[in-house]
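Trainee: What follows is a single structure, and I will ask about it in a moment.
Nothing in this text is a laboratory measurement; each read-out follows from the coordinates by a stated rule. Please read all numbers here as calculations on a predicted model, not as lab measurements. Every residue, glycine among them, receives a Cβ derived from its backbone with ideal geometry; neighbour counts consider all protein chains shown.
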Amino acid sequence: MGLKRAHLFIDGRVQGVFYRAFTRDLAVSLGLSGWVRNLPDGRVEAVLEGDEEKIGEAIKQCYKGPPAAYVKDIDVEWEDWSGEFKGFQIRY
């Protein structure tokens, strides 16, 4: 596979349900780096960097989300890996 970056826009009931914490914990458990944040329009935006296969697994899990979430759609933009992130953080 190789190293990649995925830029995600997650739509649905994803704010106020611990979705960012879920995404951070998931990314850390898979050894991915990047960040996640809420958007003013109610979506969540995330950038995941690392092994392409691990990113694919993270995207599958992001469709499930935490128990109170409902994910309607995830728009994924695949990009080249940059290596700019050290760890994974929630942005505010």
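Trainee: For Ser29, state whether it is within 10 Å of the chain's Cα centre (by Cα) and hydroxyl-bearing (Ser, Thr, Tyr).
Mentor: It is false that Ser29 is within 10 Å of the chain's Cα centre (by Cα) and hydroxyl-bearing (Ser, Thr, Tyr).
Trainee: Output the number of residues of the stretch 1-10 satisfying the condition of being surrounded by fewer than 16 Cβ atoms within 10 Å (Cβ to Cβ) and under 16 Å from Pro66 (Cβ atoms). I'd like the intermediate steps shown before the answer.
Mentor: Start the filter on the stretch 1-10 by keeping residues that are surrounded by fewer than 16 Cβ atoms within 10 Å (Cβ to Cβ), which leaves 1-3, 7, 9.
Filter again for under 16 Å from Pro66 (Cβ atoms), leaving none.
So the answer is 0.
Trainee: Give the residues of the stretch 11-53 that are closer than 13 Å to Ala69 by Cβ, among the aliphatic types (A, V, I, L, M) and in contact with a Gly (Cβ under 8 Å, 6 or more places away or on another chain), sorted by residue number.
Mentor: Val14, Val17
Trainee: Quick check on my filter: what residues within the stretch 16-44 are surrounded by 18 or more Cβ atoms within 10 Å (Cβ to Cβ), of a type in the set (Gly, Ala, Ser) and not in a helix (DSSP H, G or I)?
Mentor: Ser33, Gly34
For (1) surrounded by 11 or more Cβ atoms within 10 Å (Cβ to Cβ); (2) without any contact (Cβ under 8 Å) to a residue 40 or more places away in the chain; (3) among the hydroxyl-bearing types (Ser, Thr, Tyr); (4) touching a Phe, Trp or Tyr at 6+ places or on another chain (Cβ under 6 Å), each residue gets a yes or a no:
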{"residue": "Glu53", "(1), (2), (3), (4)": "yes, no, no, no"}
{"residue": "Glu57", "(1), (2), (3), (4)": "yes, yes, no, no"}
{"residue": "Gln61", "(1), (2), (3), (4)": "yes, yes, no, no"}
{"residue": "Ala68", "(1), (2), (3), (4)": "yes, no, no, no"}
{"residue": "Val71", "(1), (2), (3), (4)": "yes, no, no, yes"}
{"residue": "Glu79", "(1), (2), (3), (4)": "yes, no, no, no"}
{"residue": "Phe85", "(1), (2), (3), (4)": "yes, no, no, no"}
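Trainee: Among the residues of the stretch 48-73, write down those that are assigned to a strand (DSSP E or B) and either acidic (Asp, Glu) or within 17 Å of Gln15 (Cα to Cα) (or both).
Mentor: Passing the criteria: Glu49, Asp51, Tyr70, Val71, Lys72, Asp73.
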